[in-house]
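Report on the following structure.
The values are calculated or read from the model by the stated rules, or taken from the named source; none is laboratory data. Computed from a predicted model, the values in this text were never measured in an experiment. Reconstructed Cβ throughout: ideal geometry from the backbone, glycine too, with neighbour counts over all protein chains shown.
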Amino acid sequence: MEEGLRAYRKTEEIRKKNRETTLKTSDFIYPIFIEEGNNIKKEIVSMPGIYRFSLDQVDAELKEVVELEIPSIILFGIPKHKDEEGSESWNENGIIQRSIKHIKKNFPTLKVIADVCFCEYTNHGHCGVLKNNDVDNTLTLINLRKQVLAQAKAGVDMVAPSGMMDFAVREIREELDKNGFQHIPIMGYSVKYASAYYGPFRDAADSTPSFGDRKTYQMDTANRMEAIKESQADLNEGAAILMVKPALSYLDIIRDLKNKFSVPIAAYNVSGEYAMIKAAGKNGWIDESKVMMETLLSIKRAGADFILTYFAKEAAKQLRNNQ
Ligand code: PBG
Ligand code: ZN
């Protein structure tokens, strides 16, 4: 009989031996939303299984994350008080700073990454300081320094600026170094598209812009060469990790970066991507857990070293069961 490529697929054992990509729990970064207040554990309607927690309610969730051996979380804070500039984001007793302190104290093995942006903190929902109805880059950079310094002082392990301001990584790197935080790496949301897939997140983080959209700062969804330019700029400015966001409609971009650069690449499997799989799964239209694993695997195969995903806990359970 002629032997062809089907020889690689004969049995599960052979398939396993020939498998080129494998997911690991240590690939995952799990996003957590913390809202200022007490007694809050509110499920996000469009993101089943994902909650907004107040700090007094989040320990069980964190315990589970640690038990599942998910190494890192990324935190989003939702303050009570919002203003024009988002000043709660650099309040040393603000929700995110208190959360970082609490988590590092009670779950010291968990790596805590802080999202650095203003849209959850401003009363207009844009990612920085407004001037003439647009986000002003220079004014926003000044506040970015304050926010990141407050997070560093609280004990954060890594910071991830997501606002797509020019020179954000340069400013943050300088501010951290100047204050003795040379050891804190920056994960740039280097390639972040102006995507409609962020919809559910904006409900979760209460960060929908009150007017307009984010197209003057987030990237045009049609562009590929620009992703290289954004990444190169972030690397020159001191980024340790590059991120592509969203993941699924941008697998080509993940691969481009993986081929071109030698730093780790992260991909953000965003809220809309999660919501679509959950919705179809709930309807019985797809096998949700299989589609979840196939999706995460595709992101890794595209070239992601880290995957930020709301599926982290469920996928970690699957990986554990399949061992
Ligand atoms: C805020 C931010 C957003 C996400 C992460 N950080 C939303 C946005 O830019 O509007 C999206 C995450 C997701 O959709 O899961 N700058
Ligand atoms: Zn933002």
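Points worth noting:
- Residues in the stretch 288-301 that are over 17 Å from residue 49 (Cβ atoms) and in contact with a helix residue (DSSP H, G or I) (Cβ under 8 Å, 6 or more places away or on another chain): 298, 299, 300.
- Members of the stretch 295-313 that are away from ligand 1 (no atom under 16 Å from the Cβ), in a helix (DSSP H, G or I) and either surrounded by fewer than 18 Cβ atoms within 10 Å (Cβ to Cβ) or basic (Lys, Arg) (or both): 297, 298, 300, 301
Rundown of residues vs (1) within 14 Å of ligand 2 (Cβ to nearest atom); (2) crowded, with 16+ Cβ neighbours inside 10 Å, yes/no style:
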residue: 178; (1), (2): no, no
residue: 186; (1), (2): no, yes
residue: 200; (1), (2): no, yes
residue: 207; (1), (2): yes, yes
residue: 217; (1), (2): yes, yes
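Per-residue answers, yes or no, for (1) within 16 Å of ligand 1 (Cβ to nearest atom); (2) of a type in the set (Phe, Trp, Tyr); (3) more than 19 Å from the chain's Cα centre (by Cα); (4) under 18 Å from residue 83 (Cα atoms):
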| residue | (1), (2), (3), (4) |
| --- | --- |
| 111 | no, no, no, no |
| 116 | yes, no, no, yes |
| 121 | yes, yes, no, yes |
| 127 | yes, no, no, yes |
| 133 | no, no, yes, yes |
| 139 | no, no, yes, yes |
| 143 | yes, no, yes, yes |
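- Within the stretch 265-294, the set of residues being under 15 Å from the mean Cα position of the chain (by Cα) and part of a helix (DSSP H, G or I) comprises 271, 272, 273, 274.
- Qualifying residue in the stretch 251-268 (condition: modelled with pLDDT of 95 or more, within 16 Å of ligand 2 (Cβ to nearest atom), among the hydroxyl-bearing types (Ser, Thr, Tyr) and surrounded by 15 or more Cβ atoms within 10 Å (Cβ to Cβ)): yes
- Taking the numbered list (1) in contact (Cβ under 8 Å) with a residue 40 or more places away in the chain; (2) assigned to a loop (DSSP other than H, G, I, E, B); (3) more than 18 Å from the chain's Cα centre (by Cα) in turn, residue 150 passes all entries but (2).
- Some residue of the stretch 35-47 being surrounded by fewer than 11 Cβ atoms within 10 Å (Cβ to Cβ), in contact with a strand residue (DSSP E or B) (Cβ under 9 Å, 6 or more places away or on another chain) and touching a residue at least 40 places away in the same chain (Cβ under 8 Å): no
- Residues being aliphatic (A, V, I, L, M) and touching a helix residue (DSSP H, G or I) at 6+ places or on another chain (Cβ under 6 Å) - total across the stretch 229-272: 12
- Members of the stretch 73-90 found to be assigned to a strand (DSSP E or B) and either of a type in the set (Val, Ile, Thr) or surrounded by fewer than 20 Cβ atoms within 10 Å (Cβ to Cβ) (or both), listed by number: 73, 74, 78, 83
- Number of positions in the stretch 58-79 that are over 14 Å from residue 26 (Cβ atoms), in contact (Cβ under 8 Å) with a residue 12 or more places away in the chain and out of contact with any Asp or Glu (no Cβ under 7 Å at 6 or more places or on another chain): 6
- Residue match in the stretch 220-229 (condition: aliphatic (A, V, I, L, M) and within 13 Å of ligand 1 (Cβ to nearest atom)): no
- Residue tally, condition farther than 18 Å from residue 149 by Cβ and more than 9 Å from ligand 2 (Cβ to nearest atom), over the stretch 115-134: 7
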